[in-house]
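Derivation of every value follows stated rules applied to the coordinates shown; laboratory data play no part. Because the structure is predicted, anything quoted here is derived from the model rather than measured. All Cβ positions, even for glycine, are placed from backbone atoms using ideal geometry, and neighbour counts span all protein chains on display.
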């Protein structure tokens, strides 16, 4: 296994574009990305030999709603435990900052649901909750 450091930091817009492009997510406008990254509640980057190979962030209202976003690992570094290191850092942040009954959400990429189940996330719809939904632009 390679030696990866997960550190709390915001990636540059260029680094973020590179990560999103590598996993096929495309990129919003640069100005929108700059604003979004800056307004994140918490962000970590996974680095290997000084290069960013993954990231993850938490967005929300800092009160009772938190949302995991952009959990990314470069394809050539996937399945090596790097995503788990990113999630461990995010879960540590959430455990320190969330109040009881906080809402913590995410939208898993197709086929990645089982990864998030390991952290206690459940799929929707179910007996109590309707389907998650988005409004694509």
Inset, instruction - Only one of these is assigned to a helix (DSSP H, G or I) and farther than 22 Å from residue 131 by Cα: 24, 83, 63. Name it. - result: 83
Inset, instruction - Answer yes if at least one residue in the stretch 1-15 is in contact (Cβ under 8 Å) with a residue 24 or more places away in the chain, closer than 16 Å to residue 72 by Cβ, more than 16 Å from the chain's Cα centre (by Cα) and surrounded by 15 or more Cβ atoms within 10 Å (Cβ to Cβ), and no otherwise. - result: yes
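So if I check each of 94, 68, which one is farther than 17 Å from residue 109 by Cα, in contact with a strand residue (DSSP E or B) (Cβ under 8 Å, 6 or more places away or on another chain) and touching a residue at least 24 places away in the same chain (Cβ under 8 Å)? Even if it seems obvious, please write down each step before you answer.
On the way: 68 fails: farther than 17 Å from residue 109 by Cα.
Result: 94 is the single residue among 94, 68 that is farther than 17 Å from residue 109 by Cα, in contact with a strand residue (DSSP E or B) (Cβ under 8 Å, 6 or more places away or on another chain) and touching a residue at least 24 places away in the same chain (Cβ under 8 Å).
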Legend entry - the stretch 26-42, residues that are touching a residue at least 24 places away in the same chain (Cβ under 8 Å) and either over 12 Å from residue 69 (Cα atoms) or exposed (fewer than 11 other Cβ atoms within 10 Å of the Cβ) (or both): 38
Legend entry - Filtered residues of the stretch 50-81 (kept if more than 11 Å from the chain's Cα centre (by Cα) and within 13 Å of residue 20 (Cα to Cα)): 52, 53, 74, 75
